[in-house]
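S.K.: Submitted below is the structure of interest, expressed as structure tokens.
The values are calculated or read from the model by the stated rules, or taken from the named source; none is laboratory data. None of these values were measured; they are calculated from a predicted model. Here the Cβ positions follow ideal geometry from the backbone for every residue, glycine too, while neighbour counts run over all protein chains shown. Each accessible area value is taken on the protein alone, full model and side chains, heavy atoms only, with ligands, DNA and RNA left out. Shrake-Rupley method; radii C 1.70, N 1.55, O 1.52, S 1.80 Å.
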Amino acid sequence: MLGIDLETVRFGSPQYLWLLMAPGALLVAWVWQLTARRRDARRFRQHRRLPVRERFPIFGSLVFWLGLVLASACLILALSRPTATAALVRTAGVDLVILQDGSASMRTEDVPGNRWKRSMRFLRTLGESLAWKDDRMAMALFAHIAAPQVRLTKDPNTFFFFLDHLAQESPFRLEDDTTWDTNIELGIAWGMRLIEKDTELYGKSPNAKTFVLITDGQSWSGEVARSLKLARTNDVPVWVVGVGTTVGAFIPEPERKPNDTSPREPPLRSSLDRSSLSKIASAGGGEYLELDREGDREIANRLIDAARRRAGSRGLEVANEELYWRFLLAAAGFMCVGLLFLQERIELWLQAAGAAVALTLVWTLTR
């Protein structure tokens, strides 16, 4: 918030403002008491003779009563529901482009369900962690070929709709040869296409853009360095989320056709290529994270926070600001300061009684 324009202050319930006459009258009485106190102090100094000069506090316990008067005035102002026009600096959101590996190795069952289902559960957590006010998400699947699924959207229903339909298995069939490859270069290239298409349709967005590459890195191909350089040139870091284990397991075999008499090929074993994925993340300007080494919520928040720190500004936004809570805080502050100057026990009892009455009124009004 840059500031509040005091000329725009308005009251939602101005009918309570007349009650300010009470603290106004009490303030006049307080000034009269302070004047009388100073007059009595001068008289004491003139008529009393002591070997040591006697000192009299300027305010004494009157500070408590001043705090009480000012606190009551603040409460009346808060009750009147003041609002004002405030200038706010609106921070841009984040654009997360999900690059999801859909190759055959993602069906390996070395994690609960398999790697694909584990990825979908993480993506749901990531979507739930996003604010979705100015934030957007897009999603593209890749194996040897790529298939965009969701363009950049700030509608969470669209994203979760696709997640529901992709929850069980990848749309790339095991029977297709193109499924048995992990072309990370093509996945990053399609991510750039999604961003370029969004810019073409809606203009350049101030949102901070980040690629989230989810893969096991098994049998990856393509000139990844070329795509990483393109992403870095466009200020789009590549964060890599690994899924699977280094021990790995066998990739399920596709169903054979009834008339297929060719000899079966030995099953392929797939394991998480952690070292290669770490290098990709480092070269892409992001970090390498791994499912089940850290919690899904922790990984999601870390991704979003890193992207949000890079977000720019959408400029100034003028909005109506509720001011009542400021007056409530001021009232509490005046009372706390006044309590420091209490000296007489009767004043403590009055303070306790006033607090009890205030709590009773709040409890009655909020039932």
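S.K.: What are the pairs with Cβ atoms under 7 angstrom where one residue, in region 285-305, is among the aromatic types (Phe, Trp, Tyr) and the other, located anywhere, is open to solvent by 10 Å² or more (accessible area, probe 1.4 Å)? Sequence gap at least six, or different chains.
M.R.: Sorted first by the residue in region 285-305, then by its partner, the pairs are Tyr288/Ser278.
S.K.: Hey, another quick one. Can you name the residue in region 135-157 that is out of contact with any Phe, Trp or Tyr (no Cβ under 6 Å at 6 or more places or on another chain), open to solvent by less than 20 Å² (accessible area, probe 1.4 Å) and not β-branched (Val, Ile, Thr) and, of all such residues, is nearest to Glu196 (Cα to Cα)?
M.R.: Leu152
S.K.: Restricting the first residue to region 6-19 and requiring it to be within 12 Å of Ala78 (Cβ to Cβ), which pairs with a second residue that is small (Gly, Ala, Ser) meet a Cβ separation below 6 Å and a spacing of at least six or different chains?
M.R.: Note: pairs meeting the criteria are Phe11/Ser80; Ser13/Ser80; Tyr16/Ser80; Leu17/Ser80.
S.K.: Now for a different question. So which residues in region 78-134 are of a type in the set (S, T, N, Q) and over 28 Å from Glu196 (Cβ atoms), if there are any at all? Reasoning before the result, please.
M.R.: Pass one, region 78-134, residues of a type in the set (S, T, N, Q): 80, 83, 85, 91, 100, 103, 105, 108, 114, 119, 125, 129.
If the condition is that a residue be of a type in the set (S, T, N, Q) and over 28 Å from Glu196 (Cβ atoms), then Ser80, Thr83, Thr85, Ser105, Thr108, Asn114, Thr125 are the ones that fit.
S.K.: Counting just the residues of region 162-173 that are open to solvent by 90 Å² or more (accessible area, probe 1.4 Å) and closer than 14 Å to Ala104 by Cα, which one comes out farthest from the chain's Cα centre (by Cα)?
M.R.: So the first thing to find is which residues in region 162-173 are open to solvent by 90 Å² or more (accessible area, probe 1.4 Å), and the list is 164-165, 168-169, 173.
Right, trim to closer than 14 Å to Ala104 by Cα and you get 168-169, 173.
Details: Gln168: 30, Glu169: 31, Arg173: 38 Å.
The extreme case among them is Arg173.
S.K.: What number goes with the only condition from (1) part of a loop (DSSP other than H, G, I, E, B); (2) open to solvent by less than 60 Å² (accessible area, probe 1.4 Å) that Ile195 does not pass?
M.R.: In the conditions (1) part of a loop (DSSP other than H, G, I, E, B); (2) open to solvent by less than 60 Å² (accessible area, probe 1.4 Å), Ile195 misses (1) alone.
S.K.: So the check is Cβ under 8 Å with 6+ separation or different chains; which pairs have a first residue in region 191-205 that's within 19 Å of Ser227 (Cα to Cα) and at pLDDT 90 or above and a second one that's part of a helix (DSSP H, G or I) and open to solvent by less than 100 Å² (accessible area, probe 1.4 Å)?
M.R.: Short answer, once both residue conditions are applied: Gly191/Ala231; Met192/Ser227; Met192/Leu230; Met192/Ala231.
S.K.: Mind listing just one residue for me: the one in region 174-190 that is in contact (Cβ under 8 Å) with a residue 40 or more places away in the chain and of a type in the set (Ser, Thr, Tyr) and, of those, surrounded by the most Cβ atoms within 10 Å (Cβ to Cβ)?
M.R.: Filtering region 174-190 for residues that are in contact (Cβ under 8 Å) with a residue 40 or more places away in the chain and of a type in the set (Ser, Thr, Tyr), the one surrounded by the most Cβ atoms within 10 Å (Cβ to Cβ) comes out as Thr182.
S.K.: Among the residues of region 285-310, what is the count of those that are within 16 Å of Arg232 (Cα to Cα) and modelled with pLDDT under 90?
M.R.: The qualifying residues number 1.
S.K.: Filter region 33-62 down to the residues that are among the hydrophobic types (A, V, I, L, M, F, W, C) and either assigned to a loop (DSSP other than H, G, I, E, B) or at pLDDT below 80 (or both) and list them by number.
M.R.: Taking region 33-62 and keeping what is among the hydrophobic types (A, V, I, L, M, F, W, C), we get 34, 36, 41, 44, 50, 52, 56, 58-59, 62.
Within region 33-62, Ala41, Phe44, Leu50, Val52, Phe56, Ile58, Phe59, Leu62 meet the criteria.
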